[in-house]
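Bear in mind these aren't lab numbers, they're just calculated from the coordinates by the rules spelled out. Since the structure is predicted, the reported quantities are computational estimates derived from the model, not experimental observations. Glycine also receives a Cβ, built like all others from the backbone with ideal geometry; neighbour counts cover every protein chain displayed.
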């Protein structure tokens, strides 16, 4: 399998002077094309920092990060913006939809930013809207939709540019259990039907159980790794619970 | 505790309060400077009639202050909205709305007090600057002017009034707003303007009305000056222009984005759709304010143009209306005059002021008939007593040659000298004047001579023709030695009392017209007009810019989140900067662009009026004045915009 993401000895320090916190402590791992990887860990374990560093919205203090074979840690700011636009897709806890734009405009915005042309943007919009079943919501504004619908729109926006890697930061954090389940089914659809590569940060063992592989972080280091193998979601869930219990039991249990 | 909290808030919010602070300081400075002029004794010494105008000007300043109060209330409510989350949090912590209002009013009071202090100090300098302009316009030497205590008290009273009005506006907002709205803001984003197509049609219609009203105004000026038509159409076109200007901007604000969003390809390029949606919300909800700002800015542009051109025209107008230093005309119709000064005695009085270098006598004669007037609109009912006036060609040449004109030669012809442009439009060429069995054919009609007699027109004829006519008015034009003199005092010395026929009233009059006295009068008028126009233009410009800036800045907390999303989606710093520029510059430009363009028709109309008045020489100067006013206003506007953009960029663009 082709390697989409490769991280080598990434270190991240926060603060300066006498108060310095080591948020990431020499992390190394890789994600193959088409893989669905979840990162779990307690609050302060460094999982959001890791995602931000991979998302290029924060810089690593040391180490190397390769996405699609490109070393992003060496890129300049403008090049990073273009890279983020072209190679990455994002799904955030707070949806991060622009409240002034319609759902259709929100989803198509990454294509507009890439200046792909109106006709192609329209075709792609219809394609992802059909795939994620939000074709009838395109003319609405975010405030007119439920949390689950908004997050599905955010997913559609994340995949519309067909990015190398989709990053999701606590995507179910603002959703109830029913909408969380719906969203994870959407993620699975993105993963299996559309072949997207996903890297997701979550607290929730149920959400984590949808992933192919789980990385557990503790004190800025990878503490454990769980592979699905041929196991069902329920089996994965049990495994996650036992790992989090060993980790310190700080993960949310539903 | 509230005092401490308010003081800490002022320190913490100093960045947010900056534009508000600058606006209040400049407003106080301008109000104080103008109030010093109104209430000070300096101008009254030089400008006759100033004392009488004081009440009127104070009323004008109060009117301006009311507009300022309205605008600052609007600005204060922006400041309130800018911090609504903070106030929402206070409410959830158990503070009452009264507590929050106390904190906010205390904060704004601190800002206003500091701004008033700085504004008053700044006003001292602006006052001296305005006085320097004033003195220059009065042709007087400038010296540091004294300040007026009344002016300062009036300014403080006005600013206090403005502050109370804006506090009441804040109280009303705080009273009705819900905690949810304070904390979460307005969740419902304006989906789109209702009936955008109707607004688009109104935009086009009001633009047509606006252009037509300018055309009608242009035409009315023609009709009034050439045919003596009444000014109904002129006023109608002015009202139509003002109304259409406001409505055009309201409709444009509501339809501009709609039109652009119809262009799908344009929308799907870069951040265009983002900018358009941002503008849609801000323009749509502020359409009326933009309309009013556009009106105020247009008023500033037109008023400044008219006043500066009036000043530029002054000398030419003086040459046209008072070609000689002093002109005497005997009043053959007056009765009951007492104390009338005989001419030889009057000349002695003049000599006591200035040496008479030359005298040019001339006279007007009448046939007692209206052969010429019959060809004009001044005939028939209501004009029975109006008879033609004639001047002999030798008199005419004697009085016009010293002014630099070539002598006129008439061979049994007549020459009509017109004071009104419409006289030249009548059909004179086929008219032959017959007097004492002698025919005088048309020899021309002209407006190139200055005004020697105060009537619509008179006819210059060969000397032989006036021999049998009755003398109507005798004139004596004087050239006196150059240099300043007390023209007002000389005029007073040569004035006398006239009793009306019913004996009920008397009034002062003089048979002399003094060029220097007219100059002083016109200087005072144009000085007041120019300074007044400058003041109004500056205030309106600052108000407009403050509103636009504060409106932009009050939306920054929401914009910050939106630009963060753009950043995460891969919009770089430069692209974000360009997007913010497109968003804020369009908002700033909407009420401003048309107002600056108004300079062009304004200059054209003024040029037309001046051409009709026979002062074509000023034509290019008018375009220069219009360009200068537009340039200065644009420069100030750009500076204010640049400050706003830099603050906004620092707040919302992610790096």
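A few comments on the model shown:
- Stretchable slack from residue B:215 to residue B:654, in nm (0.36 nm times residue separation minus alpha-carbon distance): 153.1 nm
- A:102, B:481, A:202, B:586 arranged by Cβ crowding within 10 Å, fewest neighbours leading: B:481, B:586, A:102, A:202
- Stretching the chain fully between residue B:67 and residue B:208 yields a gain of 47.9 nm (0.36 nm per residue, less the alpha carbon separation).
- In this label model, residue B:180 and residue B:5 are separated by 2.4 nm, measuring between points 7 Å along each Cα→Cβ vector.
- Only Cα sites of segment A:189-254 enter the Debye sum here, all with the same form factor; the resulting log10 I(q)/I(0) across q = 0.15, 0.20, 0.27 1/Å is -0.47, -0.81, -1.32, listed in q order.
- Peptide A:117-124, shielding by other chains (average Cβ, 10 Å cutoff): 3
- Packing order of peptides A:227-233, B:506-512, highest average first: B:506-512, A:227-233 (average count of other Cβ atoms within 10 Å over each peptide's residues).
- Alpha carbon centroid spacing (whole Å) that separates segment B:633-647 from segment B:341-382: 58 Å
- Of all DSSP-defined beta bridges confined to the protein assembly as shown, some 70% are antiparallel rather than parallel.
- Cα-based Rg and Dmax for the protein assembly as shown, where Dmax is the largest Cα-Cα distance (Å): 39.9, 134
- Estimated purely from DSSP H runs of n ≥ 4, each contributing -39500 (n - 2.57), the mean residue ellipticity at 222 nm for chain A is -11500 deg cm²/dmol once divided by its residues.
- Between segment B:410-464 and segment B:545-586, the Cα center-to-center distance that results, in Å: 70 Å
- Taken over segment B:326-515, the alpha-carbon convex hull comes to 142 cubic angstrom per residue.
- Rg ratio (alpha-carbon, reference 2.2 N^0.38 Å) - chain B: 1.24
- 0 to 90° range, to nearest 10: angle between helix A:77-87 axis and chain A longest Cα axis: 70 degrees
- Taken along its principal axes, the alpha carbon cloud of segment B:491-588 reaches lengths of 89, 29, 15 Å, longest axis first.
- Here the residues B:220, B:474, ranked from fewest to most Cβ neighbours within 10 Å of their Cβ, fall in the order B:474, B:220.
- Taking each DSSP H run with n ≥ 4 as -39500 (n - 2.57) and averaging over every residue of chain B yields -22000 deg cm²/dmol at 222 nm.
- Relative intensity, log₁₀ I(q)/I(0), of segment A:3-247 from a Debye sum that treats every alpha carbon as a point, q = 0.13 Å⁻¹: -0.80
- Model label sites at residue B:434 and residue B:125, defined 7 Å from Cα along the beta-carbon direction, differ in position by 7.8 nm.
- Relative to the longest principal axis of the Cα atoms of chain B, the long axis of helix B:515-554 makes an angle of roughly 20 degrees.
- The mean number of partner chain beta-carbon atoms within 10 angstrom of a residue's beta-carbon across peptide B:556-567 is 3.
- Applying Stokes-Einstein at 20 °C and 1.002 mPa s to the Kirkwood radius of segment B:416-497, computed over alpha-carbon pairs, gives a translational diffusion coefficient of 132 µm² s⁻¹.
- Cβ crowding within 10 Å, taken as a proxy for footprinting-reagent exposure, orders B:249, B:355, A:191 from fewest neighbours to most as B:355, A:191, B:249.
- Projected over all directions and averaged, the alpha-carbon convex hull of segment A:63-111 occupies 4.6 nm².
- Chain A: relative contact order as a whole-number percent, Cα under 8 Å and 6+ apart: 26 percent
- Considering only segment A:3-247, percent of DSSP beta bridges that pair antiparallel, nearest 5: 55 percent
- Principal-axis tilt of helix B:50-82 within chain B, Cα atoms, nearest 10 degrees: 20 degrees
- Per residue of peptide A:89-98, the mean number of Cβ atoms on other chains within 10 Å of the residue Cβ is 3.
- Over chain B, relative contact order from alpha-carbon pairs under 8 Å, at least 6 apart, %: 19 percent
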